[in-house]
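Visitor: Can you keep this structure in mind? I'll have questions shortly.
The values are calculated or read from the model by the stated rules, or taken from the named source; none is laboratory data. Owing to the predicted nature of the structure, the values given are computational and were not obtained by experimental measurement. All Cβ positions, even for glycine, are placed from backbone atoms using ideal geometry, and neighbour counts span all protein chains on display.
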Amino acid sequence: MVSSSAPRPSATDQAPPEYRAVPTAGTGPVDSDGEDSAGEDSAGAGAGRRRRSTGENGRSRRLTYPPAPEPLPLPVLDNHTHLDFHDGLVEVGVAAALDAAERVGVAGAVQVGCDLASSRFTVAALEQDPRLLGAVAIHPNDAVRYAGRGELDTALAEIEALAGHPRVRAIGETGLDYFRTRREDAAPQHASFRRHLDLACRLGKALQIHDRDAHDDVVAILREEPEPPAVVFHSFSGDGELARLCNERGWYMSFSGTVSFGNADPQREALRIARRDLVLVETDAPFLTPHPHRGRPNASYLIPVTVRSMAETRGADLAELCADLRANTERVYGSWQPVPVGRTT
Ligand SMILES: [Zn+2]
């Protein structure tokens, strides 16, 4: 899907044109709790949420988008992004985000829902652009929120209905998060994770796991429950030991920009150990922007920065790694082609 006539990006520090527009005043969505969760479904499908303008250290971040990297030699796919979650000084639409990605060799993406609003957005976006596949779920931190209101059952029923769309190819992101939710409050997360696992099995779809500070319990639940056709650890945060277990079990490891961070030696060890047929790449945009752009807004067009860092860590040929990444991604989610948008199989 990458056109050979696509213009090469300039060598300046400028973001792609889609990410350079002058901001519109006043009407943007409000700040939402960062890192991947905690939206308000009252915002409505596609209304979007905005990443905080301060980092986890409380300091303000640079809100301009990084420059476009050199295109990859072969196209890859971003298997985890949040196009409804805005960051930076501009709001970029679905098609514009995918255009910028396509010019640097990112042929498509998996748009991931975290709650009802973003899962509804996901299905609407799939109808708009054939470069997208989707995943829908209630994020573990949102599961606590829904359960607290007695609405988890209703929410999961709607997730199941949305998951019936033929271009929704995964249930996710689900899992456990002991960073934002206290371990004592984890019971709703456990229940929700098990029900998402059951849903993935019944529908025959892949499972995207959010595992933050919860490796042992995630693995324990995976071992207890029936296994879906594919299991993906999104933004893999484990070490060599977890990578060895993934190799044994055939679980996929999806690496994000965090693998390029200075403090990520354990993840780099995992990346070196990971079987080449189990490695995936993702942005988790607008979060987890790869080095040297850490803290700035992230988007699928920055995948080449992460892929080059991965090739260096693995001592792999860049083109071979790209070919592996694409083949692995399509093994998990199926082909992005050729089902035309709007057709039901
Ligand atoms: Zn995510």
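Visitor: Any residue that is within 16 Å of the ligand (Cβ to nearest atom), of a type outside the set (Val, Ile, Thr), within 20 Å of SER235 (Cβ to Cβ) and at pLDDT below 85 - is there at least one of those in the range 66-85? It would help to see each step written out before you state the result.
Guide: At the first step, the residues of the range 66-85 found to be within 16 Å of the ligand (Cβ to nearest atom) are 77-85.
Now restrict to residues that are of a type outside the set (Val, Ile, Thr): 77-80, 82-85.
From what is left, the residues that are within 20 Å of SER235 (Cβ to Cβ) are 77-80, 82-85.
Add one more test, that the residue is at pLDDT below 85, and what stays is none.
Checked the range 66-85: no residue is within 16 Å of the ligand (Cβ to nearest atom), of a type outside the set (Val, Ile, Thr), within 20 Å of SER235 (Cβ to Cβ) and at pLDDT below 85.
Visitor: Residues to consider are VAL94, VAL123, VAL110; find the one that is of a type in the set (Val, Ile, Thr), surrounded by 24 or more Cβ atoms within 10 Å (Cβ to Cβ) and touching a Leu at 6+ places or on another chain (Cβ under 9 Å).
Guide: Answer to the check: VAL110.
Visitor: So for the range 264-274 (the condition being surrounded by fewer than 17 Cβ atoms within 10 Å (Cβ to Cβ) and over 30 Å from ARG223 (Cβ atoms)), does at least one residue qualify? Please lay out each step first, then the result.
Guide: Let us first name the residues in the range 264-274 that are surrounded by fewer than 17 Cβ atoms within 10 Å (Cβ to Cβ), namely 265-266, 269, 272.
Now restrict to residues that are over 30 Å from ARG223 (Cβ atoms): none.
There is no residue in the range 264-274 that is surrounded by fewer than 17 Cβ atoms within 10 Å (Cβ to Cβ) and over 30 Å from ARG223 (Cβ atoms).
Visitor: For the range 83-197, which helices (runs of 4 or more DSSP H) that fit wholly inside it have 2 or more residues that are in contact with a Phe, Trp or Tyr (Cβ under 7 Å, 6 or more places away or on another chain)? Write out each step before concluding.
Guide: Numbers: elements: 94-103, 116-128, 140-148, 152-163.
The qualifying helices (runs of 4 or more DSSP H) are 94-103, 152-163.
Visitor: Restricting the search to the range 93-134, which residues are closer than 19 Å to THR306 by Cβ and either within 16 Å of the chain's Cα centre (by Cα) or within 16 Å of the ligand (Cβ to nearest atom) (or both)?
Guide: Those that are closer than 19 Å to THR306 by Cβ and either within 16 Å of the chain's Cα centre (by Cα) or within 16 Å of the ligand (Cβ to nearest atom) (or both): ALA97, LEU98, ALA101, VAL106, ALA107, GLY108, ALA109, VAL110, GLN111, VAL112, ARG131.
Visitor: Can you list residue pairs whose Cβ atoms sit under 6 Å apart, with the first residue in the range 55-77 being more than 29 Å from ARG326 (Cα to Cα) and the second being of a type in the set (Gly, Ala, Ser) and surrounded by 19 or more Cβ atoms within 10 Å (Cβ to Cβ)? Count only pairs 6 or more apart in sequence or on different chains.
Guide: Close Cβ pairs satisfying both conditions: LEU63/GLY88.
Visitor: Now a separate question. For the list (1) farther than 27 Å from ARG62 by Cβ; (2) in a helix (DSSP H, G or I), I need the number of the one condition that PRO304 fails.
Guide: Going through (1) farther than 27 Å from ARG62 by Cβ; (2) in a helix (DSSP H, G or I) one by one, PRO304 breaks only (1).
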